[in-house]
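Student: Before I ask anything, let me first share the structure, which is written out below as structure tokens.
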Amino acid sequence: MGWKKVLMEDILRLAREKGSPPSFGDVMEDSKVTREEVEEAVRELERKNLARREGERIVLTEEGEKAAEVIYDYHRTVEQFFGHKVAHSFEHMDDRVGYIEKAGNSIPISTFKPNEEGVLVSMELENPKAIARLMGVDLIPGTRFRVIKIGRDLLVLDVSGRLVMVDGRVAGKLRGMKAYEEGSPGRPA
């Protein structure tokens, strides 16, 4: 998922969460982004008829209100399991929510062995930049991965045919489930 789509969803969620139109400053503070990034996301929301700019406020349209309600409800559900900060990353998962229910059976991905496959279930990270970097390489809860190599302070994963290197300290804070259970979400056909 591209950064702009994530930010657009954050704006919709924030508007619903606040119960009033958020300001550009509210979005910048909540999502840790620049004003230029907010302006670009708002232009896209306007193009999709989900919001309009009124001075420094972002006002949702009727369609935007409906979309915000769905995103906010999902965010609140995830927040109950993992807390507010991690919910930001989970809310952009689409059909991957089935893994949240199985998070109690997860283990640190740093304990996986080479060639073992798994699914990332949760991220015990509080740093939004670290979460954003992982999202940038599509390593988010619900993502299938295969361990390629384990180094002293590094884990190399295959994520959708892309090699991703994860610092050992970060890998210890990422939890996964080994392989897919029959009938679990995201299992390839």
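The values are calculated or read from the model by the stated rules, or taken from the named source; none is laboratory data. Source: prediction; values computed, not measured. Here Cβ is always computed from backbone atoms with ideal geometry, including for glycine, and neighbour counts include all displayed protein chains. In case anyone asks, the SASA skips ligands and DNA or RNA and just uses the protein heavy atoms, side chains included. Shrake-Rupley method; radii C 1.70, N 1.55, O 1.52, S 1.80 Å.
Student: Expressed as a fraction of 2.2 N^0.38 Å, the rule-of-thumb size for a compact globular protein of N residues, what is the C-alpha radius of gyration of the range 109-176?
Tutor: The reported ratio for this selection is 0.96.
Student: Cross-link candidates for Lys129: which lysines have Cα within less than 21 Å, leaving aside residues fewer than 8 places away along the same chain?
Tutor: By straight Cα distance, Lys129 reaches Lys4, Lys5, Lys32, Lys85, Lys173.
Student: Highest mean first, what order results for 36-49, 150-163 on Cβ atoms within 10 Å?
Tutor: 36-49, 150-163
Student: Additional query: Taking only protein heavy atoms into account and a 1.4 Å probe, give the accessible area per residue of the range 30-73 in Å².
Tutor: Spelled out: the 1.4 Å probe surface of the range 30-73, per residue, equals 62 Å².
Student: Probe radius 1.4 Å, ligands and nucleic acids left out: which of Lys178, Lys66 has the largest accessible area, and how do the rest follow?
Tutor: Descending order: Lys66, Lys178.
Student: So, one more: For the range 1-55, report the % of Cα-Cα distances exceeding 12 Å.
Tutor: Considering the range 1-55, 61 percent of its Cα-Cα pairs are separated by more than 12 Å.
Student: Rounded to a whole number, what % of the accessible area of the range 1-44 do carbon and sulfur atoms account for, probe 1.4 Å?
Tutor: 48
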